[in-house]
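Just so you know, all these numbers are worked out from the coordinates, no wet-lab data involved. Everything numeric here is computed off the predicted structure, so don't read it as measured data. FYI the Cβ positions are ideal-geometry reconstructions off the backbone, even for glycines, and counts take in every protein chain you see.
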Amino acid sequence: MTAVDAVLEPRIEAFLVERGLEPTVLALSGDASTRRYFRLRGNAGSLVLAAYPQPFDADSGRFLVIRELFAGYGLRVPAILDEDLARGILLLQDLGDRTLQHVLEAPGEGERAALYRDAIASVVRLQREAACGPLSAVCFQVAFDIEKLSWELHYFVKHFVEGLRGCELSVEDRATLSEAIHRLCDEIASWPRVLCHRDFHSRNLMLHEKTLFWIDFQDARMGPATYDLVSLLRDSYVELAEEFVAERAEDFRQQALPGEARDVFARRFELTSVQRNLKALGTFGYMKTMRGNEVYLPYVPRTLALARRNLARYPELSGLRRVLARHIEELS
């Protein structure tokens with residue numbers, strides 16, 4: 001076995017030896033999780049090895065359960081080629097390195113629109129297929145309820161406002177933020193729920209053989225119909241023109257929610273955006289302050305700009321905006 005740019009744990013070495021594999025091993029950059037990924041190149045072609053921090057079984061392993069569910073819906077997800085559940089190892093189809101984020105760096109307008117239409121159509125498919133049941137899988141048992149939504153915004157306050165930016169909040173600030181967070185999350189949690197990918201942005205869509213594949217879907221859960229759409233169109237990693245966002249959002253409304261009034265849909269889209277973008281800033285802050293990872297810092301300005309725009313649109317968010325703007329200049 002030849003290892004290039006990779007220090008392999010004994011469990012991974014044992015897995016490869018037992019399978020008779022002697023590939024070149026390349027460490028791949030991961031996401032914000034504790035999983036590690038490696039590309040294996042050898043006689044069998046190119047494969048991806050995913051190493052989870054703990055063992056899992058086929059019933060409790062969220063990735064396995066949800067991959068099977070999504071594949072059954074006709075969604076494009078990577079194939080599982082081998083597994084060692086006791087070691088927490090999966091061998092996956094290699095989808096390459098072309099995320100939607102990378103593909104969009106220099107696309108024509110027609111190509112950009114086609115890619116987003118494809119992505120939106122797949123979200124509509126997820127929502128329609130999941131609504132037909134059965135609803136026994138683990139992803140149907142968890143939701144973006146008020147507790148989860150609120151937890152994410154308090155996470156933003158802790159890891160971005162106080163952690164990354166070093167802001168000192170007064171007792172009054174904390175009380176205002178808590179009340180504003182509760183009101184926002186209470187409204188979002190009251191909307192009808194559908195099954196969501198949960199992290200449906202340009203880094204979790206891979207263009208492979210001219211087809212968009214879904215990855216990083218193991219945290220799928222129930223949530224508002226606008227959640228995945230917001231993740232895609234209010235994406236921290238891609239700059240999209242407002243006219244383009246509005247057109248794609250209307251495409252989605254007509255397919256998924258044709259009976260929902262445009263003003264109701266617009267409000268739900270924008271309020272979801274506020275929650276989602278602030279949550280993303282919390283993750284960026286956590287990755288820098290707690291894990292020393294600066295890879296997400298370049299995306300902070302764009303995410304703050306998105307949050308500022310949407311906070312300014314709704315007077316009922318004025319308390320939230322006022323406190324944040326006092327401490328975060330970009331939100332003033």
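Structure summary
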{"read-out": "Segment 199-332: relative contact order as a whole-number percent, Cα under 8 Å and 6+ apart", "value": "20"}
{"read-out": "Calculated FRET value between residue 263 and residue 209, using beta carbons and R₀ = 45 Å, to 0.05", "value": "0.65"}
{"read-out": "Contact order relative to length of segment 32-151, as percent, for alpha carbon pairs under 8 angstrom and 6 or more apart", "value": "22"}
{"read-out": "Least to most buried among 215, 80 (fewest other Cβ within 10 Å first)", "value": "80, 215"}
{"read-out": "Spin-label model distance (nm) - residue 109 vs residue 293, 7 Å beyond Cα toward Cβ", "value": "3.7"}
{"read-out": "MRE, 222 nm, helices only [DSSP H, n ≥ 4, -39500 (n - 2.57), over the chain, to nearest 500]", "value": "-14500 deg cm²/dmol"}
{"read-out": "Relative counts (whole %) of C-alpha pair distances in the chain, using bins that are 10 Å wide", "value": "5, 24, 32, 25, 11, 3, 0"}
{"read-out": "Per-selection Rg to Rh, segment 132-273 - Cα, Kirkwood hydrodynamic radius", "value": "0.99"}
{"read-out": "Space enclosed by the convex hull of the alpha-carbon atoms of segment 40-175, per residue, Å³", "value": "214"}
{"read-out": "Label-point separation, residue 171 to residue 26 (7 Å along Cα→Cβ), nm", "value": "5.8"}
{"read-out": "Cα-based Lys proximity count in the chain, under 23 Å, for pairs eight or more positions apart or on separate chains", "value": "6"}
{"read-out": "Peptides 188-200, 304-316 ordered by average Cβ neighbours within 10 Å, highest first", "value": "188-200, 304-316"}
{"read-out": "Viscosity 1.002 mPa s, temperature 20 °C, Stokes-Einstein D of segment 39-88 from Kirkwood C-alpha radius, µm²/s", "value": "176"}
{"read-out": "In order through segment 233-240: 3J(HN,Hα) via Karplus (6.51 cos²θ - 1.76 cosθ + 1.60), integer Hz, x for Gly, Pro", "value": "9, 10, 7, 5, 9, 9, 8, 10"}
{"read-out": "Per-q log10 I(q)/I(0), segment 2-93, q = 0.21, 0.23, 0.24, 0.25 Å⁻¹ (Debye; single scatterer per alpha-carbon; no solvent)", "value": "-1.10, -1.28, -1.36, -1.43"}
{"read-out": "Cα gyration tensor, segment 67-147 - rounded (a/c under 1.5), prolate or oblate", "value": "oblate"}
{"read-out": "Least to most buried among 235, 186 (fewest other Cβ within 10 Å first)", "value": "186, 235"}
{"read-out": "In sequence order, calculated HN-Hα J values of segment 128-135 (Karplus, 6.51, -1.76, 1.60; Hz; x Gly/Pro)", "value": "5, 5, 5, 5, 7, x, x, 10"}
{"read-out": "Cβ-based exposure ranking for 201, 327, in which fewest neighbours within 10 Å come first", "value": "327, 201"}
{"read-out": "GluC sites (Glu not before Pro) lying in DSSP loop within segment 64-109, provided at most 15 other Cβ fall within 10 Å", "value": "105"}
{"read-out": "Rg/Rg_globular for segment 223-332, with Rg_globular taken as 2.2 N^0.38 Å and Rg from C-alpha atoms", "value": "1.12"}
{"read-out": "Stretchable slack from residue 186 to residue 34, in nm (0.36 nm times residue separation minus alpha-carbon distance)", "value": "51.7 nm"}
{"read-out": "Residues whose placed amide H lies under 5 Å from that of residue 196, excluding near-sequence neighbours", "value": "221, 222, 223"}
{"read-out": "Degrees, to the nearest 10: 171-190 long Cα axis against longest axis of the chain", "value": "70"}
{"read-out": "Over the chain, relative contact order from alpha-carbon pairs under 8 Å, at least 6 apart, %", "value": "17"}
